[in-house]
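Shown next, in structure tokens, is the structure this report addresses.
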Amino acid sequence: MDSAAASTHAPDDVRTSAAPRALATEAVHAGRDDLARQGLHAPPIDLSTTYPSYDSRAEAARIDAFAATGTEPDGPPVYGRLGNPTVARFETALARLEGAESAVAFASGMAALSAVLLARASTGLRHVVAVRPLYGCSDHLLTAGLLGSEVTWTDPAGIADALRPDTGLVMVESPANPTLAEVDLRAVAHACGSVPLLADNTFATPVLQRPAEQGARLVLHSATKYLGGHGDVLAGVVACDEEFAGRLRQIRFATGGVLHPLAGYLLLRGLSTLPVRVRAASANAAELARRLAADPRVARVHYPRIGGAMIAFEVHGDPHEVIAGVRLITPAVSLGSVDTLIQHPASISHRIVEATARRGSGVSDRLLRLSVGLEDVEDLWGDLRQALGGGGTVPRLERGAAAVRP
């Protein structure tokens, strides 16, 4: 049993520290600051779904308080759907890494986004302004109106004009999935006015950017990706201010999109190596982007100014043949794992997006998305080179105004 089970809150000194600490230090210690005093080194896993209470009056009062504000109950945990001490450790750590007051974890990234949309719709603010491209399922959730939302698609320059009295959210993803297009988050946040900006930070992670520092009120992660980092956990998380976190906790409790404690443990473990993994994979990606840009079989390479471990590239030949030809690289959906993954967005991750909208946002039928891992870069390049086959013309690099780093 986690001795922090006296509360789903992380201890006070886990939430704050005497002096600012570097990201690498926070990644290792946030959410774990109290362990040594308990005689522990690894964080315990609390698998309880319910907790004994002999004071039903006090329990009722704590549940009433949660129902009113969504504030985490003080004292012992009550029930797994209200909160879990192991998951709370991960939430505390991620909030610290993102520079936010709080974080709320969910069973998946889509569960996290759904909770945000429900939170806004419950106040009558069903309209969303969004910039394409987004992750394909995020796009579909907005376009199909599955949660009663209505979306206006625009470019970053059109955000202010697209706002309406019932606009509850502006959503962007930067770098975007899968084209790696970037937006100026500070400028977008300014254009939003009082409307909350949700920035999907899955690709960048807090290692490369912290959207809350640039004006985003909500920072979304598919924690399945880089935060977990090993392809063995499914999760989502929203970093935000405590007021919005309370509403998200209430929705999580009501809808049941809770994160399993074992997943919370794996995510906390993943955060400890996040800076090292992201920087090492980014170095591999920058080198592969440089080589792909010089390869005559590649028509165009997309690599963001901010860097990172994701590459998108368009081929002159059949992209499906490239997928079929890899031997070391894994042809699979998802991203952010220690091993390198490749996929064809138009067939898989963005297949659910209407074809005209998909192509209009830069997701061409010849685009491949590469999530670069921690293998030796020469081995990765050897596999890509043989999978690309032969023929082609001189490629054109697209990386905004910047060139690919050597």
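A few remarks follow.
- Filter result (open to solvent by less than 10 Å² (accessible area, probe 1.4 Å) and either of a type in the set (Gly, Ala, Ser) or farther than 23 Å from ASP33 by Cα (or both)) within segment 245-285: ALA245, GLY246, LEU248, ARG249, GLY264, GLY270, VAL278, ALA281, ALA285
- Residues of segment 287-297 satisfying the condition of being open to solvent by 10 Å² or more (accessible area, probe 1.4 Å) and either basic (Lys, Arg) or not in a loop (DSSP other than H, G, I, E, B) (or both): GLU287, ARG290, ARG291, ALA293, ARG297
- Meets criteria (farther than 19 Å from LYS225 by Cα, in a loop (DSSP other than H, G, I, E, B) and open to solvent by less than 60 Å² (accessible area, probe 1.4 Å)) for GLY317: yes
- Checking ASP161 against (1) of a type outside the set (S, T, N, Q); (2) under 16 Å from HIS190 (Cα atoms); (3) surrounded by 17 or more Cβ atoms within 10 Å (Cβ to Cβ); (4) more than 16 Å from the chain's Cα centre (by Cα), the condition it does not meet: (3)
- GLU26 being of a type in the set (D, E, K, R), within 21 Å of GLU101 (Cα to Cα) and at pLDDT 50 or above: yes
One line per residue, one yes/no per condition, for (1) more than 18 Å from THR255 (Cβ to Cβ); (2) in contact with a Cys (Cβ under 9 Å, 6 or more places away or on another chain); (3) touching a residue at least 12 places away in the same chain (Cβ under 8 Å):
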| site | (1), (2), (3) |
| --- | --- |
| LEU118 | no, no, yes |
| PRO133 | yes, no, yes |
| GLY136 | yes, no, yes |
| HIS140 | yes, no, yes |
| ALA157 | yes, no, no |
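- Count of segment 171-213 residues, restricted to those that are touching a residue at least 60 places away in the same chain (Cβ under 8 Å) and open to solvent by 30 Å² or more (accessible area, probe 1.4 Å), is 6.
- Of the residues making up segment 228-238, those that are touching a residue at least 60 places away in the same chain (Cβ under 8 Å) and either farther than 19 Å from ARG81 by Cα or open to solvent by 20 Å² or more (accessible area, probe 1.4 Å) (or both) are GLY228, GLY229, HIS230, GLY231, LEU234.
- ILE306 vs. criteria more than 30 Å from ALA93 (Cα to Cα) and in contact with a helix residue (DSSP H, G or I) (Cβ under 7 Å, 6 or more places away or on another chain): no
- Evaluation of ARG327 against (1) at pLDDT 95 or above; (2) open to solvent by less than 10 Å² (accessible area, probe 1.4 Å); (3) in a loop (DSSP other than H, G, I, E, B) (one fails), failing number: (2)
- Single match in GLY373, GLY382, GLY400 (criterion: modelled with pLDDT of 85 or more, over 24 Å from THR224 (Cβ atoms) and surrounded by 13 or more Cβ atoms within 10 Å (Cβ to Cβ)): GLY382
This table checks each residue for (1) in a loop (DSSP other than H, G, I, E, B); (2) closer than 21 Å to LEU268 by Cβ; (3) modelled with pLDDT of 95 or more.
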position: PRO43; (1), (2), (3): yes, yes, yes
position: SER53; (1), (2), (3): yes, no, no
position: GLU59; (1), (2), (3): no, no, no
position: PHE66; (1), (2), (3): no, no, no
position: GLU72; (1), (2), (3): yes, yes, no
position: PHE90; (1), (2), (3): no, yes, yes
position: LEU94; (1), (2), (3): no, yes, yes
position: ALA100; (1), (2), (3): yes, yes, yes
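- The residues listed here are GLY136, GLY99; of these, the one that is of a type outside the set (A, V, I, L, M, F, W, C) and open to solvent by 10 Å² or more (accessible area, probe 1.4 Å) is GLY99.
- Check on ARG358, in contact with a His (Cβ under 9 Å, 6 or more places away or on another chain), buried (at least 22 other Cβ atoms within 10 Å of the Cβ) and either modelled with pLDDT of 95 or more or not β-branched (Val, Ile, Thr) (or both): yes
- Listed here are the helices (runs of 4 or more DSSP H) enclosed by segment 174-261 that have at least 2 residues being more than 30 Å from PRO345 (Cα to Cα) and touching a Lys or Arg at 6+ places or on another chain (Cβ under 9 Å): 242-255.
- Residue match in segment 29-39 (condition: without any contact (Cβ under 8 Å) to a residue 24 or more places away in the chain, surrounded by fewer than 17 Cβ atoms within 10 Å (Cβ to Cβ) and assigned to a loop (DSSP other than H, G, I, E, B)): yes
The values are calculated or read from the model by the stated rules, or taken from the named source; none is laboratory data. Quick caveat, the model's predicted, so the values are computed rather than measured. We place every Cβ from the backbone using ideal geometry, glycine too, and count neighbours over all the protein chains shown. We work out accessible area using only protein heavy atoms, side chains counted, and drop any ligands, DNA or RNA first. Shrake-Rupley method; radii C 1.70, N 1.55, O 1.52, S 1.80 Å.
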